[in-house]
Every structure is written in structure tokens, then in C-alpha cells.
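A short worksheet on the structure shown next.
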Amino acid sequence: MEKTKELQQIESQFETFQILNENGEVVNEDAMPDLSDEELKELMTRMVYTRIWDQRAISLNRQGRLGFYAPVAGQEASMIGSQFALDKKDWILPGYRDIPQIVYHGVPMDQAFLWSRGHYGGGQMPEGVNVMMPQIIIGAQITQTAGVAMGLKRNDTGTIAITYTGDGGASQGDFYEGMNFAGAFNVPAVFVVQNNRFAISVPVEKQSAAKTIAQKAVAAGIHGVQVDGMDILAVYAMTKEARQRGLDGNGPTLIETLTYRYGPHTMAGDDPTRYRTSDEDDEWEKKDPLVRFRKFLESKDLWSEDEENKIVDQAKEDIKEAIKKADSAPKQKVTDLIGFMNEELPQNLKEQMEQYKEKESK
Amino acid sequence: MAQMTMIQAITDAMRNELKNDESVLVFGEDVGQNGGVFRATEGLQKEFGEDRVFDTPLAESGIGGLACGLSVTGFRPVMEVQFFGFIFETFDAVAAQMARMRYRSGGVYNSPVTIRGPFGGGVKTPELHADSLEGLMAQTPGIKVVIPATPYDAKGLLISAIRDNDPVVFLEHMKLYRSFREEVPEEEYTIELGKADVKREGKDITIITYGAMVHSSLKAAEELEKDGIDAEVIDLRTVSPIDVDTIIESVEKTNRAIVVQEAQKQAGIAANVVAEISDRAILSLEAPVLRVTAPDTVFPFGAAEDTWLPSYKDIVEKSKQVIEF
Ligand SMILES: Cc1ncc(C[n+]2csc(CCOP(=O)(O)OP(=O)(O)O)c2C)c(N)n1
């Protein structure tokens, strides 16, 4: 397809925003976010922690000790960096892969494991944790974000709503509807599209003729930006800015983070060698967010191997504890589920409650 | 003849029709290079090219609209809904558009689309992957709803579905995909839509069912035989429209019936079967027609599936209740 001059002109405006290059060198001094040394170390700590957790989750899944799991390695900067820019009271509307963000937002890890196992305990958000249940339906969270953001604005909370989807999710009608509503009602919403190049097996080039996903903001009349999603400082800075834009009454923002998923789509039988090459994998591993940020911290004398090893051990320990805790959750019963259907049991469910009580007592 | 699993029989049916008719197109999410998340379209893109078998962007509403549009321009789209719980995203295209095409155009246009989708419990998928939504579809006039229980039926029914000039929803129970093999002819054959199959003959009670519950019912029938009860098992195969003649003929013979579905009690198909029996054969009944179903909750999250899904034991128990009435 040959693109017209006008279109080329629009597309050329969407350049990838970056602060740290692949060698961990600052290439955009002016944009450096104002973070203390402690905060910088915290970002690295969380990325290391998440990488270990991902490895553990994959092996727990293989042992049959977890249920549904969508690997996150490669996407740490995109996930951790964006969440770190939020206020504790902001709302997150996650997709199925966005578990690190919600855990750092306050969902206990054992509950995340329960969610993975298909236990209702995984959806019971603790008081004060403004997180929706991770969506399996791709796109549903995006229109809901417009609603949550409108609610936050009407209640004058001084907080925003952020949501996540993938490059594939940006093809859903709901994606456009959500952005368009948020723009039309001028509500404080941030839409993050984590472009990890593949929707299961379908490459982003086959999702859309658009050169970037960020440019899709233009149609909704909102701000759009493409960020190097392997650069945690860039993701952090842009999310922070987007949050402020929403709070200042200047509308929602679409952030496209360019990232990569190293593992399979989920642990349920996906085989990435069917649709991508090892060259491609190698290419992206060179951009690894952990390597890059480690180099940056080391250059400032803020990081050591020792420190990193401690985090690795801590992560392993925490995960062990969390799994133990998840194991001790009460076994899910059909009568529990019947009880959750409505506030009051209608006739049919009352009857069925009795039937299943009897069945479960056997 | 070859031994095939149900998924192989399904692939074989699509291959047959892609070969047979240039206007057949197969598309959906991940159906191309990946061969589908269950490998139902394995090898088809290689064999027929990207023009005929292709990946779409991730948007069910778009997929349904595309199929609908293609169908009025002379094509026979076979669209895959990756998991049938995602039908909600495309419900407008299917229920409000394709299903009404013939009616609204006074017969000028038709919409020969086949909508394939996996569903069904017992495989511990995340939410909205397993839901039995056939009742919802069956409540939509203008579409046929087909649910095969065996590899042989799957091939013959799918070929018929693709050749049908109206939209057909073709639901594939995930648990049956690879659970067993059976002899399936390599050459083409069709099975008439709307026709039930008596999977086991008997004279004491009729068990009317479809999908994975056909196998649970056959197992229940074996158990019942140990107690001297001779059950007839009818596989509806098409749940909309249902084959009233086969049902009534059987009930008039056995005078007793139960209806078994994996779906929730309020979810449709079984209720319709019971109503038809009561309309047409009430005087031949020796006992009320009972139902074996799941309870009226949302499809349960993984950890409670086993108790939630109806089992062959429930079928045995309900059959005895009817016999002893
Ligand atoms: C409405 C809907 N359609 C299809 C699916 C099946 N599905 C699950 S993940 C996925 C690919 C998603 O890709 P993308 O949005 O790029 O996110 P990623 O998984 O790469 O993070 C598909 C097709 C779904 N869960 N929901």
C-alpha cells in the first residue's frame, strides 16, 4: 500500500520516545524524570523481582500448581514503569497479562495466584486497592476505563484510571470506543497499549495498516505517544506526564510502549517457534530492560551483583510463601458460587443451593 | 477409512470444502500460519494460500461483519470465533445481521456463513472460554445451531453447514477434540442438518442430549443396564431446529424421558425439548420429563468445574427417579 503525503506526514510525527539507549546511556537529558536514588533502585528491584517471579510462575504452571498464566518477561519496563508513575489511589483496569502492575498496586501475590487458578478469592480486591479483576475479554477494560475515569472526575477524587491492552487489543472496536468516549467527556484516563509485536501468533503488521498504534489517538482527538517500552525511565516519564494531563483537565492519553514478550503467549500450549524466529528473539534480547537499567545504575554506582542476588533470593522466598498461602485457601464450592450470583437468592437458586449442599456434603 | 479425532475430522471437512468450492474462505484469529490455537486449521493456509485461509486483526465484531459482507457478495465464509465465549463481541453481526439477512431482504440476499467456535467444560480454561451459549444462539430465529458429538458426525455436519445457504453456528466441544478416534471416511459425505441420531436403542427410557453429554449419557445407559434398565440415547446433533419427530417417536415407545445438557438449567435447549414433548406426547408419558443440567450460575472458575458439570452419575440418578415415579 502506498501512503499519501498527508498520511506519511502524520505518521512521521510519531517518533519513539526514549531516555536510556540500549547501553544504558542517557540520550535525552532534558526528559530525565525527577527520581531519587532510592526510587531508581526500587525500579530495578521490581524488575528483577518480576523476572524471577515470571520464571517461577512458568515452572509452577508446568508442575500443575498454577492455572492460567501469561508470561511477562521482556515487558517489565513497560509494566513496572507505568505503574510506578501512579498514585496509590489511581485505578488500574488490567488485562490477563498485567499481573505485576496490580500486585505492585496492592493486590497480594497469593490472590494473584488464586486468580490464576480460577478461584474467586483472586477477584476479591482488598479494601482500598483500586484494581478491577484482570480481563480475559480483550477490549472490555478499555470502554470501562472511560466510565471509571468519569466516575473519578465526578467524585472529584484527584485520581485517574489507567488501562492496559496489547497490540492485538488495539484492533478491537472497544479500543476506539473507549478512547473516543474518554476524549469526548474529557476524563482523566490513560490507555496503555503494550505492543509486544504479537497477538498470539499474528504480527502487529497484520493488525493494522497504521505505522504506529500511538497515531490512533488522532482519530479520537486525544494525545498519543510512542515510547521505547524496554526503557523504564521513558515509560515512567510518559505515564507521569499523561497522568498529570488527565488531572489538569487536558484529556486522556494513549501510550504505545514498544516491547517484546520473550515467552509463549500463555502456558496453555502456545508454541512461539511457529510464528517467530530466534533471530528476532535475539534482536530483542539485546534491548532487555533489565540489562539496560542495570548498566545505567552501575554507571551511577547504585547497583551491585550482591544487591541483585539478595532480591532474587527474596523473590523466591516470597513466591514460596504466596503459593503456600494460596494452597491453604478454602476449596471452592459450587454453593459458594451460587451464593455470589445475586444479592438475594431467587427461587431457582434457592432450590439449587439446597441440592448442591447435599451433593457437596457427600 | 482413516482413524480420526474430532479435530482432524473438522480440519478434513474444511479441506474438503476449500477444495470443492472456490468461494469458501476460512478466517479468524491465528487460523493462518499458526493453524488455529487448537490446530483446527492446521496446514490449510499452506495448502490453499493466504487468499483463502487467513488471519484477521483481533476484533470479533470485525470478523463477523466481514463474514456477513463477504456472504452477500457470493462467498461462503467459515469464520472461527477463537473461543465461543467471545461470541458476545460479534453478536450483532451474527444475531442481528446474518440471521435476518434473508428475512429483511425479502429473500433477495442470503448469508451462507459458518460460525465455528470451541466451547465446553472440563478442560479448565479461563472464564468465557467454556460457556455453553447454544441456548442463546438457538433463541435467535434464522440461524441453525449444530453440535457434533463424534468425529464422524463432525465431518458430515460441517460439510453440510458450509454448504447451507443460511448462517450456521457450529459448536465444537473442546473436551471431545482429542478424546478419542473413530473411523471417518476420507471421501466427502454429508449429514443432514436438523436430524437427530439414535446413538443407542432402548425401550425403557429416552435420554435426549447433545455434545459431550452424549458420551456421559451412553456411559449412564451402560450403568442402567446393570440394573435392568434399557435406555435409548438420542443425540440431537442440531439443537436448533430440533428434530421433533425422532424425539416423539422414541418417547412414544419408551414412555419416559430425561433431557441432559451441560448448560445451565435456565439456558434453553432442554426446556424446549421438554415443552415439545409435553405439547405432542403428553398422553404417552408415564412420568414427568426431568432435566439434568448445570446450576444457574455463571460457568464456574476452574477450581469448581468438576462438581458443577453434570456427570454420568447424575444421569443415572435422574433416570431412576423417572423410572420409579
Ligand atoms: C474478545 C477476545 N477475543 C479473543 C481472545 C483470545 N485471545 C487471548 S489473548 C489474544 C491475543 C492478544 O494479543 P495482544 O492484544 O497483542 O496482547 P498480548 O497477549 O500480546 O499481551 C487472543 C486472540 C480473547 N481473550 N478475547
* To do: Inspect all residues belonging to the range B:190-197 and state whether any of them is crowded, with 24+ Cβ neighbours inside 10 Å and more than 14 Å from chain A (Cβ to nearest Cβ).
  => no
* Only residues that are touching a helix residue (DSSP H, G or I) at 6+ places or on another chain (Cβ under 6 Å), within 28 Å of A:Met32 (Cα to Cα) and within 15 Å of the ligand (Cβ to nearest atom): list them for the range A:267-299, please. => none
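Go through the range A:62-88 residue by residue and tally those that are within 14 Å of chain B (Cβ to nearest Cβ) and away from the ligand (no atom under 16 Å from the Cβ).
3
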* Quick one: A:Asp336 ticks every box in (1) closer than 30 Å to B:Ala303 by Cα; (2) within 20 Å of the chain's Cα centre (by Cα) bar one, so which box is it? -> (2)
* **Candidates A:Glu25, A:Glu38, A:Glu2, filtered to the one that is more than 30 Å from A:Ser208 (Cβ to Cβ), free of Cβ contacts under 8 Å to residues at least 60 places away in the same chain and surrounded by fewer than 20 Cβ atoms within 10 Å (Cβ to Cβ)** => A:Glu38
* Answer with yes or no whether B:Ile207 is over 16 Å from the mean Cα position of the chain (by Cα) and either free of Cβ contacts under 8 Å to residues at least 40 places away in the same chain or surrounded by 20 or more Cβ atoms within 10 Å (Cβ to Cβ) (or both). => yes
* within 22 Å of A:His265 (Cα to Cα) and not hydrophobic (A, V, I, L, M, F, W, C): does that describe A:Gln215? -> no
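Let's see how each residue does on (1) within 14 Å of chain A (Cβ to nearest Cβ); (2) buried (at least 16 other Cβ atoms within 10 Å of the Cβ):
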site	(1), (2)
B:Thr11	no, yes
B:Arg15	no, yes
B:Val26	no, yes
B:Asn34	yes, yes
B:Lys46	yes, no
* Asked: Take the residues of the range A:174-199 that are small (Gly, Ala, Ser) and within 14 Å of chain B (Cβ to nearest Cβ): which is farthest from the ligand (Cβ to nearest atom)?
  -> A:Gly178
* Being without any contact (Cβ under 8 Å) to a residue 24 or more places away in the chain and hydrophobic (A, V, I, L, M, F, W, C), is that true of even one residue in the range B:281-290? -> yes
* Structure fact -> Of the residues in the range A:90-104, those that are closer than 13 Å to A:Met125 by Cβ and either in a strand (DSSP E or B) or more than 13 Å from the ligand (Cβ to nearest atom) (or both) come to A:Trp91, A:Ile92, A:Leu93, A:Ile102, A:Val103
* So, in the range B:285-296, of the ones that are surrounded by fewer than 20 Cβ atoms within 10 Å (Cβ to Cβ) and within 25 Å of B:Val123 (Cβ to Cβ), which residue ends up farthest from the other protein chains (Cβ to nearest Cβ)? -> B:Arg291
* Return the only residue of B:Asp92, B:Asp55 being within 14 Å of another protein chain (Cβ to nearest Cβ), farther than 20 Å from A:Ile200 by Cα and touching a helix residue (DSSP H, G or I) at 6+ places or on another chain (Cβ under 9 Å). => B:Asp92
* Structure fact -> Conditions (1) within 14 Å of the ligand (Cβ to nearest atom); (2) away from every other protein chain (no Cβ under 14 Å) -> A:Ser171 fails only (2)
* Give just the number: which of (1) touching a helix residue (DSSP H, G or I) at 6+ places or on another chain (Cβ under 7 Å); (2) within 16 Å of A:Arg51 (Cα to Cα); (3) more than 14 Å from every other protein chain (Cβ to nearest Cβ) does A:Pro264 not satisfy? => (3)
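Residues in the range B:247-263: is at least one in contact (Cβ under 8 Å) with a residue 40 or more places away in the chain, outside the structural domain of B:Thr140 (by the TED database), out of contact with any Pro (no Cβ under 8 Å at 6 or more places or on another chain) and within 21 Å of A:Glu358 (Cβ to Cβ)?
yes
Sort out which residues of the range B:271-286 are over 18 Å from B:Phe325 (Cα atoms) and of a type in the set (S, T, N, Q), and write them in order of number.
B:Asn272
The values are calculated or read from the model by the stated rules, or taken from the named source; none is laboratory data. Quick caveat: nothing in here was measured; it's all calculated off a predicted structure. All Cβ positions, glycine included, derive from the backbone under ideal geometry; neighbour counts span all protein chains shown.
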